[in-house]
Amino acid sequence: MMVKRIEPIKNNSIFTKEEIEEFKQLALKEYGIKLTDEQAFEQGYALVSLVETVIKKTINMRRRKL
C-alpha cells in the first residue's frame, strides 16, 4: 500500500502547535521516539484519518443493519 505524503502546513488549521508538541511528548514517553514537527504532523494526520475512516465505516455498517 502506498502512503500519501502530507506536506505540513506551517499555520495549519488541523492541529495547534500545542497539540503537535503534546503528540511529540506522547511519542517520546510511550515509544522513546523523538519526532520532528513535520513527523508529528504527518503521523497525527494519519491517525486522525484512520479514526475518521473507522468511524465512517462503523456508521455505514450500523445503518445497513437498521
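Derivation of every value follows stated rules applied to the coordinates shown; laboratory data play no part. The model shown is predicted, which means the values in this text are computed figures rather than measured ones. When we count neighbours, we look across all protein chains shown, and the Cβ atoms used for this are built from the backbone with ideal geometry, even at glycine.
List of remarks:
- Footprinting exposure proxy for Leu26, Leu66, Leu35 (fewest neighbouring C-beta atoms within 10 Å first): Leu66, Leu26, Leu35
- The trypsin sites (Lys or Arg not before Pro) found in the range 15-66 that occupy coil by DSSP, while having at most 15 further C-beta atoms within 10 Å, are Lys34.
- Taking a straight Cα-Cα cut-off under 20 Å and skipping sequence neighbours fewer than 8 places away in the same chain, the aspartates and glutamates within cross-link reach of Lys34 are Glu7, Glu18, Glu19, Glu21, Glu22, Glu42.
- In the range 17-65, the alpha-carbon atoms span a convex hull of 75 Å³ per residue.
- Packing-based exposure ordering (other Cβ within 10 Å, fewest first) of Phe15, Phe41: Phe15, Phe41
- Sequence of Glu42, Glu52, Glu19 once ranked by neighbouring C-beta atoms within 10 Å, starting from the fewest: Glu52, Glu19, Glu42
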